[in-house]
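Asks: Pasting a structure below so you can have a look.
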Amino acid sequence: MFTQELESPPGQQCQQAGTKHSTLAIILSLIFILFASLTPGGIPTRTSWKAHGSQGRSPATPWVTPSPPPGFTPSPTPKPFPTTLQEQIAYLQAQDHFLSQGNPHLPEIALTFDDGPNPFYTPQILAILEHYKIKATFFCVGWQVENYPDLVRQEQKAGHVVGNHTWSHPYLSRLSGPEIVSELTRTSDAIQRASGVRPTFFRPPFGDFSSAALTRVYHLGLITVLWNDSPADWLRQGVDVILNRTLSRAGDGAIILLHDGGGDRSQTVAALPFIIEGLHQRGFQLVTLQQLITDIHGKHPLPRHRQLTV
Ligand code: ZN
């Protein structure tokens, strides 16, 4: 054993002779190392380190930082966010972060409700959606969220998606950068406090935005969602008008804009069951925005069973 060898010294003379030999060997070694270090090429190089490594022996500390292996290419620097509005929209569309419709080849439609939560109309709409087992998306106004957090919690709990519709419903193009950030973050904070989930989707009030607004929305990580099917229910031109406009504009991947707040929405509530039944009869499946975007590049269209007689 190692311990026993140390504790069994050889004879005294041998020990003295061994000590002298060891001292001499150490001195010679130090001279050799000093000489080698002063000689060109005497200091170990990366090549010699690699050679050692190939033999299974590597030094404790490499002297030279290894360079990248052949064929290595560094990851490209992220492309900066564009400065012009047109380029920004194209940039965001390429990432599915700016859209007004889903997959144009899938019979899926997203119902969206803006300007709530409203203590009178939102519960009625939630009851209708529950009756038809439909999941929808609510773009909520921040100050309303703060007043009626239970309704937002109810939307979330029922499986609907809750989106950000700013704090005070302004025209974003008229606001400064800090004001835009405040409108967005206050609302996201309020929705998160109410529902436990921070919103992913954002809809600009009146569909109004600017380059400054898109820049802030982008840096806050929100997805901007517009629409391509609006019956202008806020004009209150009658249940039949709301119904017929909605159905006549409905198509694969449509995003329908309705309102559950911001005024008298009794006509919207009355039209909603007919809208849902009409879309079902035409073979559309009603989904959340999250589902619509998940399927936006789907390559296998869903089976279609339309009844075009209605
Ligand atoms: Zn609105």
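Asks: Within region 169-190, which residues are more than 15 Å from the ligand (Cβ to nearest atom) and under 21 Å from the mean Cα position of the chain (by Cα)?
Replies: Across region 169-190, the qualifying residues are Ile180, Val181, Ser182, Thr185, Arg186, Ser188, Asp189, Ala190.
Asks: Hey, can you tell me all the residues within region 145-159 that are of a type outside the set (Asp, Glu) and surrounded by fewer than 22 Cβ atoms within 10 Å (Cβ to Cβ)? Spell out how you get there, then give the answer.
Replies: Here is the first cut: in region 145-159, the ones of a type outside the set (Asp, Glu) are 145, 147-149, 151-154, 156-159.
Within region 145-159, Asn147, Tyr148, Pro149, Arg153, Gln154, Gln156, Lys157, Ala158, Gly159 qualify.
Asks: I'm checking my understanding of the structure. Among residues of region 216-265 that are aliphatic (A, V, I, L, M), within 16 Å of the ligand (Cβ to nearest atom) and assigned to a loop (DSSP other than H, G, I, E, B), which one is nearest to the chain's Cα centre (by Cα)? Show your work before the answer.
Replies: Step one: of region 216-265, the residues aliphatic (A, V, I, L, M) are 217, 220, 222-223, 225-226, 232, 235, 239, 241-243, 247, 250, 254-258.
Narrowing the set further to residues that are within 16 Å of the ligand (Cβ to nearest atom) leaves 217, 222, 225-226, 232, 235, 255-258.
Checking the rest, the ones that are also assigned to a loop (DSSP other than H, G, I, E, B) come to 222, 226, 232.
Values: Leu222: 8, Leu226: 18, Ala232: 31 Å.
Of everything passing the filter in region 216-265, Leu222 is nearest to the chain's Cα centre (by Cα).
Asks: Mind checking whether some residue in region 125-147 is under 22 Å from Gly221 (Cβ atoms) and of a type in the set (A, V, I, L, M)?
Replies: Yes, region 125-147 contains a residue that is under 22 Å from Gly221 (Cβ atoms) and of a type in the set (A, V, I, L, M).
Asks: Search region 191-200 for residues being of a type outside the set (A, V, I, L, M, F, W, C) and away from the ligand (no atom under 15 Å from the Cβ), and hand back the single one that is farthest from Trp167 (Cα to Cα). Explain how you work it out, then say what you get.
Replies: Going through region 191-200, the residues of a type outside the set (A, V, I, L, M, F, W, C) turn out to be 192-193, 195-196, 198-200.
When the remaining residues are screened for being away from the ligand (no atom under 15 Å from the Cβ), the result is 192-193, 195-196, 198, 200.
On the way: Gln192: 13, Arg193: 14, Ser195: 16, Gly196: 18, Arg198: 15, Thr200: 15 Å.
By that ranking, first place goes to Gly196.
Asks: Another question about this same structure. Yes or no: region 137-150 includes at least one residue that is among the aliphatic types (A, V, I, L, M) and in contact with a Leu (Cβ under 7 Å, 6 or more places away or on another chain). Give the steps one after another, and end with the answer.
Replies: We begin by selecting, within region 137-150, every residue among the aliphatic types (A, V, I, L, M); these are 141, 145.
Narrowing the set further to residues that are in contact with a Leu (Cβ under 7 Å, 6 or more places away or on another chain) leaves none.
Within region 137-150 (the criterion being among the aliphatic types (A, V, I, L, M) and in contact with a Leu (Cβ under 7 Å, 6 or more places away or on another chain)), the answer is no, since none of the residues qualifies.
Asks: Would you pick out the residues in region 98-115 that are more than 30 Å from Gly263 (Cβ to Cβ) and surrounded by 14 or more Cβ atoms within 10 Å (Cβ to Cβ)? Break it down stepwise before answering.
Replies: So the first thing to find is which residues in region 98-115 are more than 30 Å from Gly263 (Cβ to Cβ), and the list is 103-107.
Those that are more than 30 Å from Gly263 (Cβ to Cβ) and surrounded by 14 or more Cβ atoms within 10 Å (Cβ to Cβ): Asn103, His105, Leu106, Pro107.
Asks: Out of Gly177, Gly196, Gly163, Gly207, I need the residue that is out of contact with any strand residue (DSSP E or B) (no Cβ under 8 Å at 6 or more places or on another chain) and under 25 Å from Ser266 (Cα atoms). Which one? Reasoning before the result, please.
Replies: Values: Gly177 fails: under 25 Å from Ser266 (Cα atoms); Gly196 fails: under 25 Å from Ser266 (Cα atoms); Gly163 fails: out of contact with any strand residue (DSSP E or B) (no Cβ under 8 Å at 6 or more places or on another chain).
Going through Gly177, Gly196, Gly163, Gly207 in turn, the sole match is Gly207.
Asks: Another one. Considering only region 96-153, state which residues are over 14 Å from Ile255 (Cβ atoms), among the β-branched types (Val, Ile, Thr) and within 16 Å of the ligand (Cβ to nearest atom).
Replies: Thr122, Ile125, Val141, Val145, Val152
Asks: While we're here: Looking only at region 110-150, count every residue that is under 18 Å from Pro205 (Cα atoms), within 27 Å of the chain's Cα centre (by Cα) and in a loop (DSSP other than H, G, I, E, B) and tell me the total.
Replies: The qualifying residues number 2.
Asks: Quickly run through region 185-204 and pick out the residues that are surrounded by 19 or more Cβ atoms within 10 Å (Cβ to Cβ) and in contact with a Phe, Trp or Tyr (Cβ under 7 Å, 6 or more places away or on another chain). Even if it seems obvious, please write down each step before you answer.
Replies: From region 185-204, those surrounded by 19 or more Cβ atoms within 10 Å (Cβ to Cβ) are 187-188, 190-191, 194-195, 199, 201-204; that's our starting set.
Once the filter is applied, which keeps residues that are surrounded by 19 or more Cβ atoms within 10 Å (Cβ to Cβ) and in contact with a Phe, Trp or Tyr (Cβ under 7 Å, 6 or more places away or on another chain), region 185-204 yields Thr187, Arg203.
Asks: So Thr294 ticks every box in (1) of a type in the set (S, T, N, Q); (2) under 17 Å from Thr137 (Cα atoms); (3) touching a residue at least 24 places away in the same chain (Cβ under 8 Å) but one. Which box is left unticked?
Replies: (3)
Asks: Output the qualifying pairs, or none if there are none: Cβ atoms under 9 angstrom, residues six or more apart or on different chains, first residue in region 163-186 and touching a residue at least 12 places away in the same chain (Cβ under 8 Å) and more than 15 Å from Asp208 (Cα to Cα), second residue within 16 Å of the ligand (Cβ to nearest atom) and aliphatic (A, V, I, L, M).
Replies: Short answer, once both residue conditions are applied: Gly163/Ile191; Gly163/Leu222; Gly163/Val225; Gly163/Leu289; Ser182/Leu175.
Asks: Then there's this: Tell me which residues, restricted to region 251-261, are in contact with a Phe, Trp or Tyr (Cβ under 7 Å, 6 or more places away or on another chain) and surrounded by fewer than 20 Cβ atoms within 10 Å (Cβ to Cβ).
Replies: Listed by number, the list is empty, since nothing qualifies.
Asks: Return the residue satisfying two criteria in turn: it lies in region 201-215 and is of a type outside the set (D, E, K, R) and outside any helix (DSSP H, G or I), and of such residues it is farthest from the ligand (Cβ to nearest atom). Spell out how you get there, then give the answer.
Replies: Restricting attention to region 201-215, the residues satisfying the condition of being of a type outside the set (D, E, K, R) are 201-202, 204-207, 209-215.
Narrowing the set further to residues that are outside any helix (DSSP H, G or I) leaves 201-202, 204, 209-210.
On the way: Phe201: 13, Phe202: 12, Pro204: 9, Phe209: 13, Ser210: 17 Å.
Result: Ser210.
Asks: Would you check if Gly163 is among the small types (Gly, Ala, Ser), more than 16 Å from the ligand (Cβ to nearest atom), closer than 19 Å to Phe202 by Cα and at pLDDT 95 or above? Spell out how you get there, then give the answer.
Replies: On the way: among the small types (Gly, Ala, Ser): yes; more than 16 Å from the ligand (Cβ to nearest atom): no; closer than 19 Å to Phe202 by Cα: yes; at pLDDT 95 or above: yes.
Judged against the criteria, Gly163 is not a match.
Asks: Kindly indicate which of Arg153, Arg186, Arg198 is part of a loop (DSSP other than H, G, I, E, B) and not aromatic (Phe, Trp, Tyr).
Replies: Working: Arg153 fails: part of a loop (DSSP other than H, G, I, E, B); Arg186 fails: part of a loop (DSSP other than H, G, I, E, B).
After ruling out the rest, the residue left standing is Arg198.
The values are calculated or read from the model by the stated rules, or taken from the named source; none is laboratory data. Remember, it's a predicted structure, so these values are computed and weren't measured experimentally. In this analysis, Cβ positions are derived from the backbone assuming ideal geometry, glycine residues included, and neighbour counts consider all displayed protein chains.
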